[in-house]
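Okay, so here's the structure we're looking at.
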Amino acid sequence: MSTTNSNEVFEAARDADAVVRARTAGTITKIFRRLMPILVIAYIISFVDRTNIGMAKEGLETDIGISAAAYGLGAGLFFVFYAFLEVPSNLILNRVGARFWIARIMLTWGILSMCMAFVWNEWSFYIVRMLLGAAEAGLYPGIIFYISLWFPKKTRAKAIGIFLLGVSLANIIGAPIGGLLLEMDGFGGLHGWQWMFLIEGVPAVIMCFWVWFKLPNGPKDASFLTDGEKEDLSRVLSAEDSGEQSSHGDLRALGPVLKDRQIWLIVAIYFTHQIAVYSLSYFLPSMIKSYNDDMSSLTVGLITALPWIAAAVGSILLPRHATNITRKKSMVSGGLILIAGGLVIAATSGFIIALVGFCISAFMLFVIQSILFTFPTDRLSGAAAASGVAFINTCGLVGGFIGPTVMGSLEESTGNSRAGLWFISILAVCGAALAWGLKNAKPTEVVAEP
């Protein structure tokens, strides 16, 4: 074939690809509209049930004698079984489909969240928290993997950023509602925190039925897409799918993950990030309360919502701009520096300035997270991608155990509820330095699985 003919074929193929991508843009908009509300609401409910013990901290200490250190340990123990079961859970989701597995997760965690109303001492508190972690294991990495089945790389960070709005909205909504439910103290012979756990566990049980009937397993099962839209989307996603795959559907799918040094770097960065996220989630209400013991539970809840509003704004505005590796590295590193700076301000200032510091830190929390989780689905595919997302989340969630545990221990030993903020700030700076080592996916960087 002549050079002229070869160029014509190439140009025709490129033009056809451009047409497909243009058509797919409308399909992506439709997918955003149909799927993201379900995923965001599911994560709102899960995060409310996971972190509402932050609003119950004072009641648990007063009514059943849990110390600050025991509270911090119980808050962190959620992540023991959660982390241990993340990878198996995601592999099961990859095998049985998102619809069944996410619905199962929501049903079991809703029931166990309501069981938190009946803890009576430290050990019962520890056990129910661990069971709740086991029930919810796999939800977050499962949905991140699920998003990769629907969205091309260019829109994936945006989709994850919108999904992570659920965390911010959970705290914006959950803290005031939790404070209001705590005002039910004494009604029906129950403490306010018992009512909070009982009532806030119900939506997860209801939501499982919505997921079961409305969430398709993948684009091929989507009744809201035409055959042409499915074909175009499949072509775009297949063209991008150059990541390392695994022929295994069990734990052997971790092979490509464990051999990729970039995945280990992401784990280290995410670890520092998760310490900040969960320390604030569990201890922000009590830190707000420490400025004025006369604040009502509702007032504490309303003030606690302000930093999470800042987090929601950040997750809406910034992730869509993470379109290349330079921007990704700058936003992750700069974001962790802002988190550290905001927490230093909070640790050293009076109430109003400290609140500004908390808002500065929270603004970048889910910008960082949405960017970090674009890397494993860029570098891996299939079962390897599912296990890679879960593996990063599992290792990072060790920070979800260490952060609250250290915060509780430092509060008890120093008598200062903000003493642990220095610990978080130092680790965030370390994560910021590591972020400059992030790289784009290159086929030669990932060792093939034997």
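No value in this document is a laboratory result; all are computed from the given coordinates. Being a predicted model, the structure only gives us computed values, none of them experimental. Here Cβ is always computed from backbone atoms with ideal geometry, including for glycine, and neighbour counts include all displayed protein chains.
Once divided by 2.2 N^0.38 Å, the Cα radius of gyration of the stretch 70-189 becomes 1.23.
Net charge of the neighbourhood of W195, taken over other residues with C-beta under 13 Å away and scored Lys/Arg +1, Asp/Glu -1, is -4. Each residue of the stretch 289-294 was assigned a 3J(HN,Hα) from its phi angle through the Karplus expression (A = 6.51, B = -1.76, C = 1.60, θ = phi - 60°), giving 4, 5, 6, 7, 5, 8 Hz with x at Gly and Pro. Converting phi to 3J(HN,Hα) with the Karplus coefficients 6.51, -1.76 and 1.60 and the offset θ = phi - 60°, the stretch 316-327 yields 7, 7, 9, x, 5, 8, 7, 9, 8, 5, 5, 5 Hz in sequence order, with x at every glycine or proline.
Counting charges near S417 (Lys, Arg +1; Asp, Glu -1) among other residues having Cβ under 14 Å from its Cβ returns a value of -2. Could you tell me which of rounded, prolate or oblate describes the stretch 164-215, using a ≥ b ≥ c as the square roots of the eigenvalues of the alpha-carbon gyration tensor, with rounded for a/c under 1.5 and, failing that, prolate when a/b is larger than b/c and oblate otherwise? It is oblate, given that a/c is not under 1.5 and a/b is not larger than b/c. Ellipticity at 222 nm from helices only: DSSP H runs of n ≥ 4 in the chain, each -39500 (n - 2.57), divided by the residue count, give -26500 deg cm²/dmol. For the stretch 61-111, the Kirkwood estimate of hydrodynamic radius, built from reciprocal distances between every pair of different alpha carbons, is 13.1 Å. Have a look at Y82, S124, G65 and report the one farthest towards the positive end of the charge dipole of the stretch 17-151, computed about the Cα centre with Cβ charges (Lys/Arg +1, Asp/Glu -1). Farthest towards the positive pole: Y82.
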